[in-house]
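**Q** This structure is in structure tokens; I'll ask about it shortly.
Throughout, read-outs are computed from the coordinates displayed, never taken from laboratory work. Since the structure is predicted, the reported quantities are computational estimates derived from the model, not experimental observations. Backbone-built Cβ (ideal geometry, glycine too); neighbour counts: all protein chains shown.
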Amino acid sequence: MLVRRYKDALYRYAERMTGRPDDAADVVQQAFIKGYRSLDRCRDPERVGGWLFRIAVNLCKDQLKGRARREVPLEATEPIRATRDLPEEGAERAEIREEIYRALQALSDEQREAFVLKHVEGWSYQEMAEKLEVSVPALKMRVHRARDQLQELLEHYR
Amino acid sequence: MNESLNQYLDGELEAEQLTPEAGAEAQAWEALFADARQAGAAGAPVGLESRIMDELRAERKTPVARIVDWWVSPRPVRVRPLIGLAAAAAIGALFFLPIGDGVVEAPVGAMTTMVGEQPVYVQFQLEAPDAATVAVGGDFSDWEARLELVDPDGDGTWSGRLLLPPGVHQYMFLVNGTDWIADPLAEQWVEDGFGNRNSVLAITGGAGAGSLAP
């Protein structure tokens, strides 16, 4: 049941972090296996989702450490038009999301992790600090830098 | 990026506290965050859940059970055709070698006949007087609760039939679209690895074959 409940959320995060579907699937699989092996260390069964997520976050870190980050051909990226000029749905929207996805992959691992947790997963800085064991000011700095970087990469977006 | 915008995006300022220019920028950022949430995969690929469950089941097995599994589980074996032919010829030669007084013997009944492969209807039933909806999902439906049970007379007994292939299936009931519960009438369960139990259903197929459905 837990697998069914959390696999999608874990996969979405892992896929954004690793940029590779196969790696993301491996991360999710490993997260559940590690979770199973260390189930007795989960102090609060009510928060097993967060606990699994933390395992996945660490596995993503390991995954990214283990390989050189994918080069993103940003020079080939077409400028993104202003949001208000775009239709809500459709091919153009999908294209924009693809550009954002690629821009996320161009961030440093730490910046991407902080940005995704903050603005995609909707975590508070306090939650992030607890789960990543990084101070709130350090996390804010990472998120701010990520936003600055994205602003440059997606300058036509805004 | 100006400080007030950063503070707003960090959740430390209200939108009303921003200048009009910063407010417009904040809206653009919110749109970007929304697009970022939609970027990438919507969920895990099909088959990942089964893969994970297989791994978890393997984790639960003792070392001895794993060794037994390795020996008895079918697996593809890659053999060079030439070596395969040679091996087959050698085995064949063993059977046809003259034994004792020169009588030639051949194996009898070496072919296994598969019977009972037809899907069978399984009746699911759950007593849930307070439920608004009840459905069934399991590994046969990739855990999508596709079969909706019905309670036509409103007595709280929900039931429905599903055509399932022979084999061992895990399933659960989805009550009110939110609560997954095990079948209290199931004779067998299997741990899902995280403290919950899936109900288990074993079906022998074929015309007139029995089902161990609850």
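**Q** Once the other residues with Cβ under 9 Å from the Cβ of B:Asn6 are scored (Lys, Arg +1; Asp, Glu -1), what is the net sum?
**A** Net local charge, B:Asn6 excluded: -1.
**Q** Across peptide A:99-107, what mean number of C-beta atoms from other chains lies inside 10 Å of a residue's C-beta?
**A** 3
**Q** Another question, if that's okay. Compute the length gained on full extension between A:Lys61 and A:Ser124: take 0.36 nm times their separation in residues and subtract their Cα-Cα distance, giving the result in nm to one decimal.
**A** Gain on stretching A:Lys61 to A:Ser124: 20.7 nm.
**Q** Please work out the FRET efficiency for the pair A:Glu152 and B:Gln7, using the Cβ-Cβ distance as r and a Förster radius of 30 Å; give the result to the nearest 0.05.
**A** After rounding, the FRET efficiency stands at 0.90.
**Q** Let me ask something else. In µm²/s, what is D for region B:159-198 at 10 °C and 1.306 mPa s, where D = kT/(6 pi eta Rh) by Stokes-Einstein and Rh is the Kirkwood radius from Cα pairs?
**A** Result for D is 136 µm²/s.
**Q** Here's another thing I want to ask about it. Just to be sure I understand the model, the point goes 7 Å from the Cα along the line to the Cβ. What's the resulting A:Asp22 to B:Ala88 distance in nm?
**A** Inter-label distance under the simple model: 3.4 nm.
**Q** At each listed q (0.11, 0.18, 0.23 Å⁻¹), what is the log10 of I(q)/I(0) that the Debye formula gives for region B:120-203 modelled as equal alpha-carbon point scatterers?
**A** Ignoring solvent entirely, the Cα scatterers give -0.26, -0.71, -1.15.
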